[in-house]
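Scroll down for the structure; my scribbles are underneath it.
The values are calculated or read from the model by the stated rules, or taken from the named source; none is laboratory data. Here the structure is a predicted model, which is why all the values come from computation and not from measurement. Note: ideal-geometry Cβ built from the backbone for every residue, glycine included; neighbour counts use all protein chains shown.
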Amino acid sequence: MDLSERQLKILQAVIRNYLETGEPVGSRTISKYTDLALSSATIRNEMADLEEMGYIIQPHTSAGRIPTDKAYRLYVDTMMSAKTEEIENLRDSLLDKAGRLDHLLKEAAKFLAVNTNYASLVTTPSYRGRKVKFLQLTDVDQTHVLLVMVLEGNLVRNKLLESQQPVDKEVVLKLNILLNTFLQNLQLSEINLQMVAQMKEQAVGYEAVVEQILGALSQELRDADAVEVYTSGTTNILKYPELSDKKKAAELLTTFEEKTELTQVINNRLDTEDGERGIQVYIGNENSMEAMKDCSVVTATYRMGEGVYGKIGIVGPKRMDYDKVVGTLQNLMKELDEIFK
């Protein structure tokens with residue numbers, strides 16, 4: 001027999017409550033537990049019908065009800081169907097945003113916050129140790145050259161440079177050979193003072209141009225490693241009494257709003273974990289941020305390519321539903337992997 005929407009919600013509430021407490025569930029409990037604005041008398045009538053249909057039983061007189069095997073089967077089938085629909089909706093939503101990486105990551109943060117009821121964070125991808133793939137100078141006029149920098153990950157940046165000395169095509173060719181001979185396939189940390197001195201020595205009369213090139217290249221390589229953090233559901237934190245203390249809540253909200261300390265910690269973890277993709281759980285004092293000592297932080301790493309990865313995290317109370325959080329993160333990671341492929 002088909003259940004009405006109201007009966008299904010009541011049955012789900014009975015099952016969830018019984019799973020949590022192991023005790024028979026009464027109508028008064030359900031009247032507080034569900035989102036239905038129903039009286040205990042109405043719920044009793046519906047529970048009587050559910051009992052008649054074989055979904056719940058009363059273990060003994062004057063006790064509440066407990067679910068039957070039939071109820072558990074319906075609950076599992078309904079839950080699995082809901083999860084499948086949830087994943088499909090997530091995929092559609094992410095694909096809709098996939099044209100812009102920032103939109104995609106913001107949507108991912110929102111999905112986590114809504115589906116876990118905790119706060120979430122997603123970082124932009126970081127390019128650890130990005131290398132110089134190719135450098136190209138082009139003369140614009142007698143005193144200006146355009147520097148095109150192609151970095152690992154096919155990131156292309158342009159910079160207009162000014163020279164105190166006239167620049168012709170022959171000079172540009174020599175500088176291009178010089179730059180790529182010394183700098184190609186190097187990381188920023190591998191460019192040392194001795195190398196810089198040798199380049200200047202060979203670029204007689206154009207030492208200032210070499211300095212400008214190295215300055216522009218260094219800035220671009222540093223910017224490539226910069227991480228931005230998108231957050232969502234910050235106010236969810238206030239729903240949990242242990243985190244809603246005025247001082248604690250203010251510190252947490254400030255941490256999420258200002259993001260400076262959050263970004264620093266995420267950056268450190270990207271370095272130390274070296275792109276580790278497994279689920280990581282930091283409980284209480286395991287968090288380096290003072291504002292999160294009463295929280296748990298669960299993170300995972302997404303990868304866009306070799307050496308290109310970012311962090312996804314969920315922040316909540318130490319009594320968070322770890323099973324649900326880990327499952328939600330795994331689903332999101334799976335969808336992001338498909339999109340990035």
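Which one is farthest from the chain's Cα centre (by Cα), of the residues in the range 192-210 that are small (Gly, Ala, Ser) and outside any helix (DSSP H, G or I)? So, considering only residues that are small (Gly, Ala, Ser) and outside any helix (DSSP H, G or I), the one farthest from the chain's Cα centre (by Cα) is GLY205. Of everything in the range 4-41 that is touching a Lys or Arg at 6+ places or on another chain (Cβ under 9 Å), surrounded by fewer than 20 Cβ atoms within 10 Å (Cβ to Cβ) and at pLDDT 85 or above, the residue that is nearest to ALA71 (Cα to Cα) is PRO24.
Applying the criterion of being more than 15 Å from the chain's Cα centre (by Cα) and hydrophobic (A, V, I, L, M, F, W, C) to the residues of the range 292-341, the residue that is surrounded by the fewest Cβ atoms within 10 Å (Cβ to Cβ) is MET320.
Of all the criteria given as (1) of a type in the set (A, V, I, L, M, F, W, C); (2) in the same structural domain as LEU262 (by TED's automatic domain parsing); (3) buried (at least 21 other Cβ atoms within 10 Å of the Cβ), the one not satisfied by ILE213 is (2). Return a yes/no flag: does the range 215-231 have any residue that is hydrophobic (A, V, I, L, M, F, W, C), free of Cβ contacts under 8 Å to residues at least 24 places away in the same chain and farther than 30 Å from ILE314 by Cα. Checked the range 215-231: no residue is hydrophobic (A, V, I, L, M, F, W, C), free of Cβ contacts under 8 Å to residues at least 24 places away in the same chain and farther than 30 Å from ILE314 by Cα. Does the range 174-185 contain at least one residue that is farther than 30 Å from GLU258 by Cβ and touching a residue at least 60 places away in the same chain (Cβ under 8 Å)? Scanning the range 174-185, I find no residue that is farther than 30 Å from GLU258 by Cβ and touching a residue at least 60 places away in the same chain (Cβ under 8 Å), so the answer is no.
One line per residue, one yes/no per condition, for (1) under 29 Å from LYS324 (Cα atoms); (2) among the β-branched types (Val, Ile, Thr); (3) assigned by TED's automatic domain parsing to the domain that holds LYS324:
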| residue | (1), (2), (3) |
| --- | --- |
| VAL14 | yes, yes, no |
| GLU23 | yes, no, no |
| ARG28 | yes, no, no |
| ARG44 | no, no, no |
| MET47 | yes, no, no |
| GLU51 | no, no, no |
| ILE57 | yes, yes, no |
| SER62 | no, no, no |
| THR68 | yes, yes, no |
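Just name the residue that is modelled with the lowest pLDDT out of those in the range 138-168 that are among the charged types (D, E, K, R) and assigned to a strand (DSSP E or B). Going through the qualifying residues, I end up with ARG157.
Comparison of SER189, SER218 shows that the only residue that is in contact with a helix residue (DSSP H, G or I) (Cβ under 8 Å, 6 or more places away or on another chain), outside the structural domain of PHE111 (by TED's automatic domain parsing), surrounded by fewer than 16 Cβ atoms within 10 Å (Cβ to Cβ) and part of a helix (DSSP H, G or I) is SER218. Just one of the listed residues (ALA48, ALA13) is in a helix (DSSP H, G or I), hydrophobic (A, V, I, L, M, F, W, C) and in contact with a strand residue (DSSP E or B) (Cβ under 9 Å, 6 or more places away or on another chain), namely ALA13.
When the range 221-247 is filtered for residues that are under 30 Å from LEU173 (Cβ atoms) and surrounded by fewer than 18 Cβ atoms within 10 Å (Cβ to Cβ), the ones remaining, listed by number, are ARG222, ASP223. Taking the conditions (1) surrounded by 13 or more Cβ atoms within 10 Å (Cβ to Cβ); (2) without any contact (Cβ under 8 Å) to a residue 60 or more places away in the chain; (3) in contact with a strand residue (DSSP E or B) (Cβ under 8 Å, 6 or more places away or on another chain) in turn, GLU207 satisfies each one other than (3).
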